[in-house]
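Notes follow the structure.
The values are calculated or read from the model by the stated rules, or taken from the named source; none is laboratory data. Note that the coordinates shown come from a computational prediction; the quantities given were computed from them, not determined experimentally. Glycine gets a Cβ as well: all are built from the backbone with ideal geometry, and neighbour counts include every protein chain shown. Surface areas here come from the heavy atoms of the whole protein model, side chains and all, with no ligands, DNA or RNA. Shrake-Rupley method; radii C 1.70, N 1.55, O 1.52, S 1.80 Å.
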Amino acid sequence: MATGADVRDILELGGPEGDAASGTISKKDIINPDKKKSKKSSETLTFKRPEGMHREVYALLYSDKKDAPPLLPSDTGQGYRTVKAKLGSKKVRPWKWMPFTNPARKDGAMFFHWRRAAEEGKDYPFARFNKTVQVPVYSEQEYQLYLHDDAWTKAETDHLFDLSRRFDLRFVVIHDRYDHQQFKKRSVEDLKERYYHICAKLANVRAVPGTDLKIPVFDAGHERRRKEQLERLYNRTPEQVAEEEYLLQELRKIEARKKEREKRSQDLQKLITAADTTAEQRRTERKAPKKKLPQKKEAEKPAVPETAGIKFPDFKSAGVTLRSQRMKLPSSVGQKKIKALEQMLLELGVELSPTPTEELVHMFNELRSDLVLLYELKQACANCEYELQMLRHRHEALARAGVLGGPATPASGPALAPAEPAVPEPSLGPDPSKDAIIDVVGAPLTPNSRKRRESASSSSSVKKAKKP
């Protein structure tokens, strides 16, 4: 009769020493026979990484069951390196020292090189790169009928076409090898013009009717002008280069001022349009009764530009809101406009924070929007008046200097402040008189600078009056 130890030996169960000594099999041994083995194996194989040691450093350590890390880097055959050639045991193809000729040479020279024995007798592989230009050939009759030119003799034309075949239409080399002693001295443009004129004439004569012709065209006059312009550009003096750079800088300044002026005029036009639109809307609202106004009327109103007045936010979100929040100025309004708005409200005798009833909030917001629009219009008007005044002063100064070529015309309108004496700026270019002509547009300045300029001119006039 088998005992418990025999059954445990057959099932390869290793229980505790107490169970093994007693020879009894427990329930745990039958259900989880390999659990204790796995625990023992895990305890023997796993090592805990010490604190403070990096993972890469710990990976270099090894145990008895792992291979030691190599002392030198070795090529394992895996990675981004190129795979070495795998030489087989097949028979190597034979190579042979054999002669060859180059079809590009006309002297029949013989050369030798190594080549596979199977390719013996084949053409030279690089002969396909021997590309030549097809230079047309003309007969004596064609020359007399179509190609005759009083400025060129037939011998000179034949010499030109012979050099064109030899040097593959490299006209700079052709001009260098041209026989200027026997024939008339010609330029590169003359040689090109004669060659392409003959090619075009022969193509027209020999063309089959009904076919599209690709006639080469060479504009000798344009080529001469191009080279002359390039030579002039190359032979410029440093003073001329500096003058050209100066003129380009002034041109960029004029374009920038022009764009700035156009932008200002567009902003002014937007303000004027916004003011007209707001006034028209309010007239319509006053004339029409409120009960008969359809609900879609607000959607049909023309959109007011964002630069005009103040755009107050709409509190349409869910939840409880205070009516006084609708009187709060948006963050888009600057501090300068806020101070000017408060000053205008104080001058009108309006409270800065009235009682926020529905009607008062609506009317107070409209009033502040109109005041901001009025403030922007005044600023734009002041800028325009100042620019106009500066242009008048500059025109009078140029007329007195005689730059405009005529007497100074008296400026129409109210009397203007005395013009500031011209202060010579540091020399940016060769001719200071060009500044007066180029800078007629005037620099974009602000009303604050105008006030400073007027105060400076008034102080200078007071000093002159005090002098005996």
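So the values come out like this:
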item: Any chance residue 234 is under 30 Å from residue 186 (Cα atoms) and among the hydroxyl-bearing types (Ser, Thr, Tyr); result: yes
item: Subset of segment 106-128 that is open to solvent by 90 Å² or more (accessible area, probe 1.4 Å) and in a strand (DSSP E or B) - its residue that is nearest to residue 96 (Cα to Cα); result: 114
item: Count - residues of segment 198-226 that are within 19 Å of residue 171 (Cβ to Cβ) and free of Cβ contacts under 8 Å to residues at least 12 places away in the same chain; result: 5
item: Among (1) under 50 Å from the mean Cα position of the chain (by Cα); (2) polar (S, T, N, Q); (3) open to solvent by 30 Å² or more (accessible area, probe 1.4 Å) - the single one residue 164 does not satisfy; result: (3)
item: Residues satisfying the stated conditions in segment 140-161, i.e. part of a helix (DSSP H, G or I), within 23 Å of residue 223 (Cβ to Cβ) and either in contact with a Lys or Arg (Cβ under 8 Å, 6 or more places away or on another chain) or not hydrophobic (A, V, I, L, M, F, W, C) (or both); result: 147, 156, 157, 159, 160
item: Criterion (in contact with a Phe, Trp or Tyr (Cβ under 8 Å, 6 or more places away or on another chain) and not aromatic (Phe, Trp, Tyr)) met by exactly one of 201, 214, 227; result: 201
item: Pick from segment 259-293, criterion acidic (Asp, Glu) and at pLDDT 80 or above, ranking: surrounded by the most Cβ atoms within 10 Å (Cβ to Cβ); result: 267
item: Qualifying residue in segment 218-238 (condition: modelled with pLDDT under 90, in a helix (DSSP H, G or I) and open to solvent by 100 Å² or more (accessible area, probe 1.4 Å)); result: no
item: Failed criterion for residue 189 (all others in (1) surrounded by 15 or more Cβ atoms within 10 Å (Cβ to Cβ); (2) without any contact (Cβ under 8 Å) to a residue 24 or more places away in the chain; (3) part of a helix (DSSP H, G or I) hold); result: (2)
item: From 246, 195, residue being of a type in the set (Phe, Trp, Tyr), in a helix (DSSP H, G or I) and under 42 Å from the mean Cα position of the chain (by Cα); result: 246
item: Verdict on residue 131 being among the basic types (Lys, Arg), assigned to a loop (DSSP other than H, G, I, E, B) and more than 49 Å from the chain's Cα centre (by Cα); result: no
item: Contacts under 6 angstrom Cβ, first residue in segment 250-272 being closer than 17 Å to residue 374 by Cα, partner of a type in the set (Asp, Glu), 6 or more apart; result: 271/376
item: Pairs with Cβ under 8 Å, 6+ apart, first in segment 150-165 and more than 18 Å from residue 134 (Cβ to Cβ), second in a helix (DSSP H, G or I) and of a type in the set (Phe, Trp, Tyr); result: 154/143
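Per-residue answers, yes or no, for (1) in contact with a strand residue (DSSP E or B) (Cβ under 9 Å, 6 or more places away or on another chain); (2) open to solvent by 50 Å² or more (accessible area, probe 1.4 Å); (3) assigned by the TED database to the domain that holds residue 157; (4) under 22 Å from residue 142 (Cα atoms):
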residue: 177; (1), (2), (3), (4): no, yes, yes, no
residue: 184; (1), (2), (3), (4): yes, yes, yes, no
residue: 196; (1), (2), (3), (4): no, yes, yes, yes
residue: 205; (1), (2), (3), (4): no, yes, yes, yes
residue: 209; (1), (2), (3), (4): no, yes, yes, yes
